[in-house]
Amino acid sequence: MESQSQMLEAVRARIRAQLEAAQAKATALTGEDLPDRGIGESDDGIVQATVDRQGLLVDAQFGPQIIDLTPEELREGLLAALAAARRDLTGGATPRRPDPSMLSDTSTIDALDDIINGRL
């Protein structure tokens, strides 16, 4: 029969392994191998967008022709520039999406709950 300290060490090892696995997944999702930024432009050249390494918009610049655009044309131009910036960032590859199963893994908190409530 294992002593309480052995069980605690086993739980710590399991938590450590889960944290390392989660960190590896997070690193893969953030795309650490990607450049720091991507820059793209709308087809008409009126809108330029810059995204960070996660593909999130960090800057948008608009040419003086913006005053002649309808709201729909502005929206389309911004979305086109954003898509072009993301393609620039990834070299045209489809960005990886987070694995939904990562959001429902409760094994670490369950192990901590077992320790706190003396079930180990």
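With contacts taken as Cα pairs under 8 Å at a separation of at least 6 residues, the range 33-95 carries a relative contact order of 43 percent. The calculated FRET efficiency for Arg16 paired with Thr106, based on their beta-carbon distance and R0 = 25 Å, is about 0.90.
Could you put Asp110, Asp44 in order, starting from the residue whose Cβ has the fewest other Cβ atoms within 10 Å?
Asp110, Asp44
Local charge sum around Leu69 (other residues, Cβ-Cβ under 12 Å, Lys/Arg +1, Asp/Glu -1)?
Cβ neighbours under 12 Å give a net charge of -4.
Share of pairwise Cα-Cα distances greater than 18 Å in the range 33-95 is 30 percent (whole percent).
Positive contributions from Lys and Arg (+1) and negative ones from Asp and Glu (-1), summed over other residues with Cβ under 11 Å from the Cβ of Asp52, come out at +1.
Laboratory data are not the source of any read-out in this text; all were calculated from the coordinates shown. Just so we're clear, the structure is a prediction, and the values are computed from it rather than from any experiment. Please note: Cβ atoms are built from the backbone with ideal geometry, for glycine as well, and neighbour counts cover all protein chains shown.
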